[in-house]
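One structure below.
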Amino acid sequence: GVGEALAYSSDHGRTFTYYEGNPVLKHPGNDPKVIWYKYGKNDKPLNAEAQKLGGHWVMVAYDKTREFDMNMAFYTSIDLKKWTEQFHLPGYGECPEIIELPVDGDKQNTRWVTFDANAQYAVGRFDGRTFTPEHEGKHRVHYGAYFASQTFNNAPDGRCIQIGWAKIDM
C-alpha cells in the first residue's frame, strides 16, 4: 500500500470529501485501526496541545518492511493529519487490532490486547506509544472459519464487540 488517507463529511455522512493533503501517512502497509488514547494520571502527553486535549490519536497498521518483515506499526497524532511513528511489534500480519479491556470487569484495572487476522493475541500494557506484552509469544482466541476479526470502538454500553469474516467453502 501507499499509505492512509482521510475523508470527511459536512452533511452528517451523506457524502464525503477526500482531504486534499492525502495520503496523511505513507508507509508500506494497510488495514489501519485508529483509536483515541485518553491520558491517565501517569501518562506523558505527546506535547502541550495533546495535554490540552487530554489524549491523542493512535493508529495501528499492518506494516511490511525489509527490516521487520511482518509487524504492527504504531503511530500517534493530535490532528489525524500529521502522524509520528512510535513503535513496531514484530510478528503481526494484516488486520491489526488493539483494544483495552477491564480485568474481571474492573474498569480501574485494564489490560491492552493486540491481535491480527489469524486470531493470535498478546495481553499487556500500553502507554499510548508502546505496547509491552506480559507474556512470551501469543495465544489464540478462536479457530476455524472465523477470520480477520475487528472490534467496534465506543459502543453505547461500553461493551467491546468483535466481528469477523466467516470463511465458507461452497
**Item:** Integer Hz, Karplus 6.51/-1.76/1.60 couplings in order for segment 20-26, x for Gly and Pro
**Value:** 6, x, 5, x, 7, 9, 9
**Message:** Suppose the chain between SER10 and ASP169 were pulled fully straight at 0.36 nm per residue; how much longer would it get relative to their current alpha carbon spacing?
**Reply:** 53.1 nm
**Fill in**
With +1 on the Cβ of every Lys and Arg and -1 on the Cβ of every Asp and Glu, the dipole magnitude of segment 28-170 about its Cα centre, in debye rounded to the nearest 20, is 320 debye
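Test of understanding: given the chain, find the longest segment containing no chymotrypsin sites (Phe, Trp or Tyr not before Pro) that are in a DSSP loop and have at most 12 other Cβ atoms within 10 Å.
On the way: sites that count: PHE16, TYR143.
It runs 17-142.
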**Message:** To make sure I understand the rule: partners must be aspartates and glutamates, Cα under 15 Å from the Cα of LYS107, and not fewer than 8 residues away in the same chain. Which ones qualify?
**Reply:** ASP157
**For GLY144, net neighbour charge (Lys/Arg +1, Asp/Glu -1) across residues whose Cβ lies under 14 Å away** = +1
**Asked** Hey, any idea what % of segment 4-127's accessible area is carbon plus sulfur with a 1.4 Å probe?
**Response** 49 percent
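Taking Cα atoms of the chain, Rg/Rh with Kirkwood Rh, to two decimals?
Using Cα coordinates only, the ratio equals 0.96.
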**Prompt:** For the chain, what is the calculated [θ] at 222 nm in deg cm²/dmol (nearest 500), taking -39500 (n - 2.57) for each run of four or more DSSP H residues and dividing by its residue count?
**Reply:** -1000 deg cm²/dmol
**Message:** Using +1 at the C-beta of Lys and Arg and -1 at the C-beta of Asp and Glu, which of ALA122, GLY54, GLY21 has the Cα lying farthest in the positive direction of the dipole of the chain?
**Reply:** GLY54
**Fill in**
Relative contact order of the chain (C-alpha contacts under 8 Å, at least 6 apart) in percent is 13 percent
**Fill in**
The alpha-carbon center of segment 150-170 and that of segment 73-128 are separated, in whole Å, by 16 Å
**Request:** May I ask you to give the solvent-accessible area per residue for segment 31-82, in square angstrom, as obtained with a 1.4 angstrom probe?
**Result:** 59 Å²
**Request:** Report, by chain and number, residues whose modeled amide H sits under 5 Å from the one on TYR37, excluding near sequence neighbours (fewer than 5 apart, same chain).
**Result:** HIS56, TRP57, VAL58
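The values are calculated or read from the model by the stated rules, or taken from the named source; none is laboratory data. The model shown is predicted, which means the values in this text are computed figures rather than measured ones. Because the Cβ atoms are built from the backbone with ideal geometry, glycine has one as well, and the counts that use them run over all protein chains shown. Keep in mind that these areas ignore ligands, DNA and RNA; they rest on the heavy atoms of the full protein, side chains included. Shrake-Rupley method; radii C 1.70, N 1.55, O 1.52, S 1.80 Å.
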